[in-house]
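*Asks:* Mind looking over this structure? Questions follow.
The values are calculated or read from the model by the stated rules, or taken from the named source; none is laboratory data. A quick note: this is a predicted structure, and the numbers were derived from the prediction, not measured. Glycine also receives a Cβ, built like all others from the backbone with ideal geometry; neighbour counts cover every protein chain displayed.
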């Protein structure tokens with residue numbers, strides 16, 4: 001089947017099916033690696049969120065001690 005003989009929707013469906021197959025193959029091969037990447041990213045996000053809230057806390061303390069005009 002040639003791409004020019006296929007409707008755009010049918011071609012999109014075929015591409016999606018191929019991507020789903022590739023996704024399954026990649027997960028079968030690299031599942032442990034993918035999961036470790038996810039945990040690494042979560043740890044980084046938690047660290048950046050924590051450091052961001054500490055900065056907010058420090059600035060709000062400074063504001064509370066500033067005289068109101």
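*Asks:* Given the criteria without any contact (Cβ under 8 Å) to a residue 60 or more places away in the chain, exposed (fewer than 10 other Cβ atoms within 10 Å of the Cβ) and either in a helix (DSSP H, G or I) or under 19 Å from the mean Cα position of the chain (by Cα) (or both), does residue 9 qualify?
*Replies:* Yes: the conditions hold for residue 9.
*Asks:* Would you check if there is a residue in segment 30-42 being surrounded by 10 or more Cβ atoms within 10 Å (Cβ to Cβ), assigned to a helix (DSSP H, G or I) and modelled with pLDDT under 75?
*Replies:* Yes - at least one qualifying residue is present in segment 30-42.
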